[in-house]
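The structure appears right after this line, and notes come after that.
Bear in mind these aren't lab numbers, they're just calculated from the coordinates by the rules spelled out. Fair warning: this is a prediction, and the values are worked out from it, not measured in the lab. So basically every Cβ, Gly included, is an ideal-geometry build from the backbone, and we count neighbours across all protein chains shown.
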Amino acid sequence: MPTLSFDRAQISPGDRICVAISGGADSVALLLTLHAANTTQRDSLGVGLSAVHINHHLRGEESNADQQFVEDLCIGLDIPLHLHQADVSDRVEKTGETIEEAARNTRYDFFSTLLTSGHADAILTAHTLDDQAETVLMKLLRGAWTEGLSAIHPILTQPKGRILRPFLETRRAAIEAFLKSIHQPWREDSTNTDTAFTRNKIRHELLPQLRAYNPNLDQTLANLAELSREEESRWQTELSKILPQLLLPGKPVRGGGRAVSTAPGNTSISIELDRLRPLDPALRRRVIRAAARQLGARLTFDETSRLLALCGFRADPTVAARTGSSLHLSNHLRADRSARELRLFLNDEPGN
């Protein structure tokens, strides 16, 4: 019987594994592959296998038909199924998220529930190399930093349990060929061809054009994700060592020491300019971004550049690099420059 390879490095005998299945080709293949690997007499996974399906109720009867397909498949394989009914449209109205964001967050909220309740030690999703390539390109077009280009991670550690992506090095074409070879049907999501969605536009229009320049583009983009992920891991290790020496709470006061406010909207972090000056540009940029992140703010490339200019580390005609200068940034983040420090703080008070 034909088989598909998958990454089993993070799966151990005795684990409670739950496969997220939508009814599409990728997730159907993942469930069948795990089931086969778990029931083989030789080199069995030896795990407790279950499945989870979320009905987003976004496509009317089509969504219900997807659910019925998944239920029938799990009954045939004798695999326990966790079903969750979600009202994604209602969530969109309440949160302002896009439909894609609301659907994804709904799924992962329920995954977290399964992990926290002890129903599973790991949730497996069927993201493929094609998904990875599409995500990297989408992030690139949106101007992501290196951490964004790391795209879909093979392992996501949760407070309790993990999210695993064992098909992340597998091509979608190989998955569909496998299913056809064993005469296994799957469900097609009609919205996957709607180019009003950015991912579909990238999948059906942009990537086919770019492959004319590099037929191996999908693998190249997946390689970029892996490189970015490893680079980020290395940088985070470095930052964890030096940030405690560089980031100072509050602001200095006469006579020594620092004043740290506990009032809402006045959280602040300072960095001595003399400590930033000897750092190389890449590390200097990351320290400033890390400082903002500790305040719950994410800096854009332009905002980071303006902060560097405020400190006097790069030229910007719109920024005055002198004592007493300040910048008002997005998400209520403000930066003040003193003779010795750059101070970042949140100011949520009305009128400020």
Which angle between 0 and 90 degrees, to the nearest 10, do you get for helix 61-77 versus the longest principal axis of the chain when only C-alpha atoms count?
60 degrees
For the range 102-245, just say rounded, prolate or oblate: build the C-alpha gyration tensor, square-root its eigenvalues into a ≥ b ≥ c, call rounded for a/c under 1.5, and beyond that prolate if a/b exceeds b/c, oblate if not.
oblate
Using the Cβ atoms and a cut-off under 11 Å, what net charge is assigned to the surroundings of Leu45, where Lys and Arg are +1 and Asp and Glu are -1?
-1
For the range 1-97, count all C-alpha to C-alpha pairs, find those more than 15 Å apart, and express that count as a whole percent of the total.
65 percent
Longest principal axis of the chain (C-alpha) makes with the long axis of helix 172-181 (C-alpha) an angle, in degrees to the nearest 10, of 10 degrees
Answer rounded, prolate or oblate for the range 35-147, using the Cα gyration tensor with square roots of eigenvalues a ≥ b ≥ c: rounded when a/c is under 1.5, else prolate when a/b is larger than b/c, else oblate.
oblate
Listed by chain and number, the aspartates and glutamates with an alpha carbon less than 18 angstrom from that of Lys94, same-chain partners under 8 positions apart left out, are Asp109
Degrees separating the helix 25-39 axis from the principal Cα axis of the chain, which is the longest one:
70 degrees
What are the aspartates and glutamates whose alpha-carbon lies under 16 Å from the alpha-carbon of Lys139, with same-chain residues fewer than 8 places away excluded?
Glu100, Glu101, Asp130, Asp131, Glu147, Asp218, Glu226, Glu232
What is the packing order of peptides 40-49, 326-335, taking the mean over residues of other C-beta atoms within 10 Å and listing the highest first?
326-335, 40-49
What size of dipole, in debye to the nearest 20, comes out for the range 115-164 about its Cα centre when the only charges are +1 on Lys and Arg C-beta atoms and -1 on Asp and Glu C-beta atoms?
180 debye
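Going by the alpha-carbon gyration tensor, a ≥ b ≥ c the square roots of its eigenvalues, is the chain rounded (a/c under 1.5) or, if a/c is not under 1.5, prolate (a/b greater than b/c) versus oblate?
prolate
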Relative contact order (percent, whole number), the range 16-231, Cα cutoff 8 Å, 6+ residue spacing:
24 percent
Taking Rh as the Kirkwood radius, which is the inverse of the mean 1/r over Cα pairs, what is the Rg/Rh value for the range 164-250?
1.17
Please compute the net charge surrounding Leu273, taking Lys and Arg as +1 and Asp and Glu as -1 over other residues with Cβ under 13 Å from its Cβ.
+3
Using only Cα atoms, locate the centre of the range 67-121 and the centre of the range 135-176, then give the distance between them in Å, rounded to an integer.
19 Å
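In the chain, what % of DSSP beta bridges are antiparallel (nearest 5)? Before the final figure, lay out each step's value.
Values: 21 of 37 bridges.
The antiparallel proportion sits near 55 percent.
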